[in-house]
Amino acid sequence: MARLRRIVAKLRNLVANKRAEENLAREVASHLTLLTDDFERSGMSHEEALLAARRAYGGVEQAKQAHRDERSLLCIQQAMQDLRYGLRTLSRSPGFTITAVLTLALGIGACTAIFSLVNAVLIRSLPYGDADRLVYLYTPNPRFKMPPEMFGPAYGDLYDLKKQSNSFQDMTSIDQSVFSLASQGATERVSAARVDGDFFSTFQAVPEIGRTIKPADNQLGRENVAVISHALWQAMLGSAADVLHHSLVLDGKSYQIIGVMSQGFEYPNASDLPYGDPQFKSTQVWIPLALTPHQMSDRDNSSGDAVARLKPGVSIAQAQAELSTIMARLDKLHDPQMQGWGALVENFVDSTVGNVRSLLWLLLGAVSLVLLIACSNAANLMLARAASRMRELGVRVALGAGRNRIIRQLLTEAMLIGVAAGAIGVGFAFLFLRILLHLDPGNIPRLREASLDMRVLLFTIAVSLLTSVLTGILPALTVSRVNLTDFLATAGNRSVAGTHGRTQSALIVIESALVVVLLAGAGLLIRSYINVQSVDTGFSQSTVTTSIQLDAHYSQPQRAEFYRNLFAKLSELPGVMAVGGINALPLSNSETLRLFQVEGYANEKDQLVQGRWVTPRYFSAMAIPLLAGRFFTNDDNSRTEDLAIVNQAFANKYFANRDPVGGRVNTDDHHVRWSTVIGVIGDVHHTSLEEAPAPQIYSPVAAADDGYIAVRSVLPPKALAAEIRSTLHSIDPNLATGDIQTMGELESAASARRRFQTLLLSVFAGIAMFLALVGLHGLMAYSVSRRTREVGIRMALGAQRTDVMLLVLKKAALLLALGLVSGLVASWFATRVIQAFLFGVGRHDPTTILAVCALLAVFGLIAAIVPARRAASINPMQALRTE
C-alpha cells in the first residue's frame, strides 16, 4: 500500500506540473495580448505592436533562461560532487574496488575480443568496393546430384551471359592455379589466379602501384604480364620502388610485373570459394586468363568461378530470373546428353561467411552470458558494501540528502567501476585477441583481420556503460527501499541484511543457472569433438604426404621419367616401407566424380561416384586394409583388361548379397568399357570426418602424375620430410615442393574449426563457473559475517561445530540446487542453438547433464567449505560481546 501511495503521489505531481506549465503558457499569452493592444492604441501597426510586446516581455524570458541555466549549473556541480565523493569512497576500499573492476574487466575483455571477430568477419565491409552488390554465378545441373556451387559456368556460356544479360555491371571468371616461382636462386610455390580483363573492375579494386589486367592483356601473345600482391612485393622485392621494372618467372615462363595491389586485396583467399583449391591460402599473383577461341566457345567443361556485380537497383531475384531465362536458351546449345543446365545467383558476402555466421553469433552469445555473470558478481559485491554503509547513507539522509541523490551516488560509483573495468578490459581484449588469432583454424574468412578498431572500441564503451547500469541498479534500488532515517534511529540492520541477502541469493541462483547452460553447451561440444576424433579415418596417421606439380616445360616422356626416378629414390630411403601416388588425397577438399554403371545392378541414369587414380603401392603407403581380393601390381599395367578396386561402402551398396571381386563396373563417360573389380578395401573418409564414407572406385595408373605422393616409413615424420625435400632437390633443384605433412596433420586441419569452437566455449564455461563459485564463496562469507551473533547464540546454547558447518553448507546447497534446476530448464531450450554443431550426441544427452550437475555441485560445495569452517570456528563469548 505504501508503494502504491508513493506511485499515486508521483502521478499527482506530474499532473500538477503539467497543469502549472499550461497555466504559465496561458498567462504569458495573455500578457502578450494586453501589451500588443496597448502598443496598437499608441498608433503602431499590429506587426509593430506584436514585436514591441515581445521585446517588452523579453525580460521575463531572460529571467526564465537564467533560472534554467542556474539549475543546469547546479546539476553539473552535484554531478562533480558525486564523482569526487565516489572516487574518495572507492579509494578507501581498495580490496572491493580492485575485485569489482577486475571481475567486470574480465567479462568486458572477453566480450570485446569475440566482438572483434564478429566485426571482422560479419560486420566490416569486404575490401572490394560495395561488396553487397557482388554475386557468385553457378550453372547447376539437376542430373548430377552434386552441390550447385561445384558448377561454374562453362566459358562459352559465361561469355554469352556477359553479352545477353542486362542485370550486371561487370562479370568475370577466376581460375585458381599454383605455380613454381623462381626468385633469388630459390624456387617456391605461389598461389595465383588466372583472370579475364573484367576481374579488377568487377571488384572495383585499385592497384597501389601501376595498373591492373585489361581486356587487351587477355589476347594471345600479350598475356605475359602479372599483377602481384602487396605481401609478395614486400617479401620478394623488399617494397622496391622500381617494381614495375622487374619480372616474375612462373613455371619457367617470364611475366612482366605491371602492378601491385593494395594491402588487404588477396582474393580469392583460402575460404572465399566453397570448393576452392585446398593448396590456396591467399592469392599472390594474378595473370591473364588468355583463352583460345576454342576455349571461349567451349560449353562442355565447367570453367573456374564466376563473379558478377549487380547494377544499382537490381535485386538478386531479378538477376536470377534473367539468368534462368538466358540459360534456358543456352542449354539447347549443349550436347544433348549433357543438357539440363540452369542458373543460380548467390550473394557474395553470404557465400563467403554464411557457414561461419552461426558459429560467431554462438560465441558472442556465450561470452555475453559470461559478462552477465561478471555483472552479477559485481552487483553482489556492491550489495554487500552497501549494507556496510547503511549508517553513512543514513547520516546523509538525516543531513538533507534525498533518496534520488543517494541512488545517483551509488550509480555514479558503479559507473566509475564500469569505466575503469572498460579501460582494463581493452587490455584484456588485446591479449585474448592475440590468443584467438593463434588458435585460428584457417577456414574462417578474414579472421586474421580482427583488430580493436574504432567500432570495437565504441562497442567496449557501450558495454562498459551497460555493465555500470546492470551492476549499480540493484544496490541502488535495494537501498531506496530501506527507510534510512528509521534505520539510523533504531541502529538496526536485520531488515537490511535480510533484504540484501535475498537479492544476493537470487543473483547466485541466476549465476548458477547461466553456468549450467554454458557447461551443458560446452559438454555437448566436447563430447562431439571426442566423437569426431575417435572416427576411424581408414588410413595411417603417420604417413607423410606432399603435393607435386611439375613446370610446363616438362614434356610427357620427361614427366614419366621424373616420377619413375622419384619413386625409385624414395623407395630406397632407409626405413621406407611403401611409396604411392594419388590424384587427390583424403581430406584435401578435392573430389573427382565419375559417371558409372555396375553390371547386374538396377542402375539409375547419371549415377555419380567418387573416383581416384592411384599407383600400385598407394594403399600400402596409406596402410589402407585389404578386405577381399588383391591390390594393384606393376604387372597390371601390361594387361589389356581394365581393373578397379572399390571400397566397402561401394561393395555393400552395389554388390549386396554377391561377391564384388570379379564383378564389373563401367566408368567411361562416353563408351561402354568395363573394368573388373579385383579387390575391396576398407572405407576411407575422403570428404569429411563427420560424413559417412561414400562409395569409391580406384583406378590404376602406371606412374604418378601431378598430384600427391604418400610415403610410409619407420623414420620420424620430420626426418622423413627432410629426406623427401633432399630427394626432390637432387632430381630437380628448381622444383618447388608443396606442403609436406603427415595425414594426421591433415586430419587435424579437417577438425580445426570444431576444435576452435569447442575450446572457446569450454574456456567461457570455465570462466563462468569460476566467477559463479567466487560469487558463492563471497555470499557465504558475507552471510557468516552478518550472522556472527546468531551463530554465537546457537553455539552458546549447545550447537556443535558440525551443526554450524551444516547450516552454512545447507544454504549453499539450496542455492546450488535452485540454480541447477533453473539451469537445466533453460538448457533444455538453449541447446537447440548448438544442435547443428553436435556430432554423435543428442542435445539432451543424459551423460553430459549428469556430469554438469556433479561438476557444479562438487565445486560449489568446495567453495562454501571455507566460510562454513570459519563459521564453525566462531568463539561464542567473543561474538556475543562484539555484536
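Some observations on this one:
- Qualifying residue in region 287-294 (condition: closer than 23 Å to Leu158 by Cβ and either in a helix (DSSP H, G or I) or of a type in the set (Phe, Trp, Tyr) (or both)): yes
- Taking region 116-138 as the range and being open to solvent by 10 Å² or more (accessible area, probe 1.4 Å), at pLDDT 85 or above and more than 22 Å from the chain's Cα centre (by Cα) as the test, only Arg133 passes.
- For Ser783: the one exception among (1) at pLDDT 75 or above; (2) of a type outside the set (D, E, K, R); (3) open to solvent by less than 60 Å² (accessible area, probe 1.4 Å): (1)
- Close pairs (8 angstrom Cβ cut-off, 6 or more residues apart or separate chains): without any contact (Cβ under 8 Å) to a residue 24 or more places away in the chain in region 305-334, of a type in the set (S, T, N, Q) and open to solvent by 40 Å² or more (accessible area, probe 1.4 Å) anywhere: Asp331/Gln339; Lys332/Gln339
- Selection status of Trp341, in contact (Cβ under 8 Å) with a residue 12 or more places away in the chain, outside any strand (DSSP E or B) and among the aromatic types (Phe, Trp, Tyr): yes
- Among the residues making up region 224-246, those that are open to solvent by 40 Å² or more (accessible area, probe 1.4 Å) and either farther than 12 Å from Ser183 by Cβ or in contact with a Leu (Cβ under 7 Å, 6 or more places away or on another chain) (or both) are Asn224, Ala231, Gln234, Ser239, Ala241, Asp242, Leu244, His245, His246.
- Any pair with Cβ under 6 angstrom, 6 or more apart, that starts in region 589-605 at a residue that is over 30 Å from Ser748 (Cα atoms) and ends at one that is of a type in the set (A, V, I, L, M) and open to solvent by less than 80 Å² (accessible area, probe 1.4 Å): Phe596/Val609; Phe596/Val665; Val598/Val665
- Any chance Glu747 is under 34 Å from the mean Cα position of the chain (by Cα) and acidic (Asp, Glu): yes
Yes/no per residue for (1) under 20 Å from Leu720 (Cα atoms); (2) open to solvent by less than 40 Å² (accessible area, probe 1.4 Å):
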{"site": "Ile548", "(1), (2)": "yes, yes"}
{"site": "Pro557", "(1), (2)": "no, no"}
{"site": "Leu587", "(1), (2)": "no, yes"}
{"site": "Ser590", "(1), (2)": "no, yes"}
{"site": "Leu593", "(1), (2)": "no, no"}
{"site": "Gln610", "(1), (2)": "no, yes"}
{"site": "Pro616", "(1), (2)": "no, yes"}
{"site": "Ala628", "(1), (2)": "no, yes"}
{"site": "Asn634", "(1), (2)": "no, no"}
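- Just one residue in the set Ala710, Ala719 is surrounded by fewer than 17 Cβ atoms within 10 Å (Cβ to Cβ) and either within 26 Å of Asn565 (Cβ to Cβ) or under 26 Å from the mean Cα position of the chain (by Cα) (or both); that residue is Ala719.
- Criterion: farther than 25 Å from Gln533 by Cβ and surrounded by 21 or more Cβ atoms within 10 Å (Cβ to Cβ) - qualifying residue of Val661, Val701, Val677, Val684: Val677
- Val314 meets the stated requirement of being at pLDDT 90 or above and open to solvent by 10 Å² or more (accessible area, probe 1.4 Å).
- Hits in region 524-561 (condition: hydroxyl-bearing (Ser, Thr, Tyr), within 25 Å of Pro717 (Cα to Cα) and in a loop (DSSP other than H, G, I, E, B)): Ser534, Thr537, Ser540, Ser542, Thr543
- Long-range neighbours under 9 Å by Cβ, at least six apart or interchain, first residue free of Cβ contacts under 8 Å to residues at least 60 places away in the same chain within region 727-750, second part of a loop (DSSP other than H, G, I, E, B) and open to solvent by 40 Å² or more (accessible area, probe 1.4 Å): His729/Thr737; Glu745/Gln541; Glu745/Asp739
- Qualifying position, being modelled with pLDDT of 90 or more and farther than 17 Å from Val367 by Cα, among Leu458, Leu431: Leu458
- Residue pairs whose Cβ atoms lie under 7 Å apart, sitting 6 or more positions apart in sequence or on different chains, and linking a residue in region 209-230 that is within 17 Å of Ser254 (Cβ to Cβ) to a partner that is of a type in the set (Phe, Trp, Tyr), are Ile213/Phe199; Ile213/Phe200; Ile213/Trp286; Asn224/Tyr255; Val225/Tyr255; Ala226/Tyr255; Ala226/Trp286; Val227/Trp286.
- Of Gly394, Gly354, Gly400, all but one fail to be modelled with pLDDT under 80, surrounded by fewer than 19 Cβ atoms within 10 Å (Cβ to Cβ) and farther than 24 Å from Ala830 by Cβ; the exception is Gly400.
- Single condition Gln320 does not satisfy, out of (1) of a type in the set (S, T, N, Q); (2) surrounded by fewer than 15 Cβ atoms within 10 Å (Cβ to Cβ); (3) modelled with pLDDT of 85 or more; (4) within 24 Å of Met171 (Cα to Cα): (2)
- Candidates Val665, Val609, Val579, filtered to the one that is β-branched (Val, Ile, Thr), within 29 Å of Pro717 (Cα to Cα), within 45 Å of the chain's Cα centre (by Cα) and not in a loop (DSSP other than H, G, I, E, B): Val579
- From the list Asn657, Asn666, the lone residue that is farther than 24 Å from Tyr708 by Cβ, in contact with a Phe, Trp or Tyr (Cβ under 8 Å, 6 or more places away or on another chain) and either at pLDDT 90 or above or not hydrophobic (A, V, I, L, M, F, W, C) (or both) is Asn666.
- Long-range neighbours under 6 Å by Cβ, at least six apart or interchain, first residue over 30 Å from Gln256 (Cα atoms) within region 163-182, second among the hydrophobic types (A, V, I, L, M, F, W, C) and open to solvent by 10 Å² or more (accessible area, probe 1.4 Å): Ser167/Val314
- Matching residues, region 734-744, being among the aliphatic types (A, V, I, L, M), within 29 Å of the chain's Cα centre (by Cα) and either surrounded by fewer than 16 Cβ atoms within 10 Å (Cβ to Cβ) or within 16 Å of Glu188 (Cα to Cα) (or both): Ile740
- Looking only at residues in region 722-733 that are over 30 Å from Asn647 (Cα atoms) and surrounded by 15 or more Cβ atoms within 10 Å (Cβ to Cβ), the one that is modelled with the lowest pLDDT is Asp732.
- Complete set of residues in region 825-862 that are closer than 13 Å to Ala522 by Cβ, part of a helix (DSSP H, G or I), open to solvent by less than 40 Å² (accessible area, probe 1.4 Å) and aliphatic (A, V, I, L, M): Ala830, Ile834, Val852, Leu856
- Considering Ala205, Ala154, Ala186, the condition of being farther than 15 Å from Gln284 by Cβ, open to solvent by less than 20 Å² (accessible area, probe 1.4 Å) and either among the hydrophobic types (A, V, I, L, M, F, W, C) or at pLDDT 90 or above (or both) is satisfied by Ala154 alone.
- Scanning region 163-216 for residues that are in a loop (DSSP other than H, G, I, E, B) and within 30 Å of Thr325 (Cβ to Cβ) yields a count of 8.
Each row is one residue, and each column tells you yes or no for (1) closer than 26 Å to Ala857 by Cα; (2) modelled with pLDDT of 75 or more; (3) of a type in the set (Gly, Ala, Ser).
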residue: Ile473; (1), (2), (3): no, yes, no
residue: Asp486; (1), (2), (3): no, no, no
residue: Arg494; (1), (2), (3): no, no, no
residue: Gln504; (1), (2), (3): yes, yes, no
residue: Ala513; (1), (2), (3): yes, yes, yes
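The values are calculated or read from the model by the stated rules, or taken from the named source; none is laboratory data. What you are looking at is a predicted structure, and each value in this text was computed from that prediction instead of being measured. Neighbour counts are summed over all protein chains in view; Cβ atoms, including those assigned to glycine, are modelled from backbone coordinates with ideal geometry. These accessible areas exclude ligands, DNA and RNA; they are computed on the full protein's heavy atoms, side chains included. Shrake-Rupley method; radii C 1.70, N 1.55, O 1.52, S 1.80 Å.
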